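Remarks on the structure that follows.
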Amino acid sequence: MTSSRAAQVSCRDATLADMPACAGILNRWIDATPWMPRVHPQEDVERHYRESVFANGPVIVADCRGEIAGFLALSADGFVTALYLDERHRGVGIGTTLIREAKKRARSELKLWTFEHNGGAQRFYEREGFLPVRRTGGDNEEGLPDILYHWRSEPLREREA
Ligand SMILES: CC(C)(COP(=O)(O)OP(=O)(O)OC[C@H]1O[C@@H](n2cnc3c(N)ncnc32)[C@H](O)[C@@H]1OP(=O)(O)O)[C@@H](O)C(=O)NCCC(=O)NCCS
């Protein structure tokens with residue numbers, strides 16, 4: 001379902017000037033999430049977005065009448081490396097709009113990692129047709145258990161699964 005607020009949002013490729021807003025959304029989520037450790041200072045996160053995430057993009061932003069409501073970063077090898085909505089814009093369909101835009105761009109498949117603690121994100125991805133395919137006990141910078149999710153436009157045939 002698309003809410004009226006999601007309908008006011010347009011997806012566009014980010015510019016370098018959007019990176020502080022994207023890093024700010026991520027920094028606020030880290031600080032507001034009790035189980036999420038901060039492994040890099042806020043300013044390093046912003047620099048990483050300017051120097052690396054943007055360069056390895058595309059980064060797609062959800063532009064809500066000039067305000068960045070959220071963003072999705074896609075890597076050349078088909079990974080969604082980040083999907084974060086500003087808290088005020090969650091739960092109204094904007095994440096769905098962004099992930100569907102990423103599916104269109106990727107065409108056949110997408111992969112992403114999410115933390116096992118993030119039950120809300122898992123429900124969101126599973127509703128969007130992603131399947132959990134691998135788990136680690138904390139093979140990431142944060143040292144938290146995580147899950148690899150996979151989406152394909154065509155369902156896996158039995159002998160491929
Ligand atoms: C997870 C996230 C990207 C989903 O985007 P969204 O725009 O809030 O989701 P939508 O409105 O399109 O879809 C809502 C669904 O997402 C799920 N959801 C996850 N977190 C939610 C939240 N904080 N508020 C509302 N719904 C949430 C619910 O299952 C909901 O399904 P329902 O409508 O059947 O109840 C977004 O909530 C978010 O940025 N969360 C914080 C950061 C995060 O966890 N990012 C994922 C990192 S892997």
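Those residues that are within 11 Å of the chain's Cα centre (by Cα) and near the ligand (Cβ under 6 Å from one of its atoms), I need them from region 91-116; list them, please. Please lay out each step first, then the result.
So in region 91-116, the residues within 11 Å of the chain's Cα centre (by Cα) come out as 95-96, 98-99, 102, 111-114.
GLY95, THR96, THR114, listed by residue number.
When you look at ASP31, is it part of a helix (DSSP H, G or I), over 24 Å from ARG127 (Cβ atoms) and within 14 Å of the ligand (Cβ to nearest atom), yes or no? So that I can check it myself, show each step before the final result.
Details: part of a helix (DSSP H, G or I): yes; over 24 Å from ARG127 (Cβ atoms): yes; within 14 Å of the ligand (Cβ to nearest atom): yes.
Considered against the rule, which asks whether it is part of a helix (DSSP H, G or I), over 24 Å from ARG127 (Cβ atoms) and within 14 Å of the ligand (Cβ to nearest atom), ASP31 comes out as yes.
Mind checking which pairs have a first residue in region 90-101 that is among the basic types (Lys, Arg) and a second that is near the ligand (Cβ under 7 Å from one of its atoms), Cβ under 9 Å, 6 or more apart or different chains?
As it stands, the answer is ARG90/GLY70; ARG90/GLY120, since those pairs meet every condition given.
Here are some conditions: (1) within 18 Å of the chain's Cα centre (by Cα); (2) in contact (Cβ under 8 Å) with a residue 40 or more places away in the chain; (3) within 16 Å of the ligand (Cβ to nearest atom); (4) loosely packed, with under 15 Cβ neighbours inside 10 Å. VAL39 meets all but one. Which one does it not meet?
Just one mismatch for VAL39, condition (1).
Do you know which residues across region 117-158 are within 11 Å of the ligand (Cβ to nearest atom) and assigned to a loop (DSSP other than H, G, I, E, B)? So that I can check it myself, show each step before the final result.
Of the residues in region 117-158, the ones within 11 Å of the ligand (Cβ to nearest atom) are 117-128, 130, 146-147, 149.
HIS117, ASN118, GLU128, PHE130 - these are the residues of region 117-158 that are within 11 Å of the ligand (Cβ to nearest atom) and assigned to a loop (DSSP other than H, G, I, E, B).
From the list SER52, SER75, exactly one residue is free of Cβ contacts under 8 Å to residues at least 12 places away in the same chain and of a type in the set (S, T, N, Q). Which is it?
SER52
Restricting attention to region 1-29, and to residues there that are aliphatic (A, V, I, L, M) and touching a helix residue (DSSP H, G or I) at 6+ places or on another chain (Cβ under 8 Å), which single residue is modelled with the lowest pLDDT? Spell out how you get there, then give the answer.
So in region 1-29, the residues aliphatic (A, V, I, L, M) come out as 1, 6-7, 9, 14, 16-17, 19, 21, 23, 25-26.
Keeping just the survivors that are touching a helix residue (DSSP H, G or I) at 6+ places or on another chain (Cβ under 8 Å) gives 6, 9, 14, 16, 19, 23, 26.
Details: ALA6: 78, VAL9: 90, ALA14: 98, LEU16: 97, MET19: 98, ALA23: 98, LEU26: 98.
Ranking the qualifying residues of region 1-29, first place goes to ALA6.
Where residues in region 71-90 are more than 19 Å from PHE115 (Cα to Cα) and either within 11 Å of the ligand (Cβ to nearest atom) or polar (S, T, N, Q) (or both), which of them is surrounded by the most Cβ atoms within 10 Å (Cβ to Cβ)? I'd like the intermediate steps shown before the answer.
Within region 71-90, the first condition is being more than 19 Å from PHE115 (Cα to Cα), and the residues that meet it are 76-77, 88-89.
Next, only the ones that are either within 11 Å of the ligand (Cβ to nearest atom) or polar (S, T, N, Q) (or both) stay: 88-89.
Working: ARG88: 11, HIS89: 20.
This residue is HIS89.
The values are calculated or read from the model by the stated rules, or taken from the named source; none is laboratory data. Here the structure is a predicted model, which is why all the values come from computation and not from measurement. Reconstructed Cβ throughout: ideal geometry from the backbone, glycine too, with neighbour counts over all protein chains shown.
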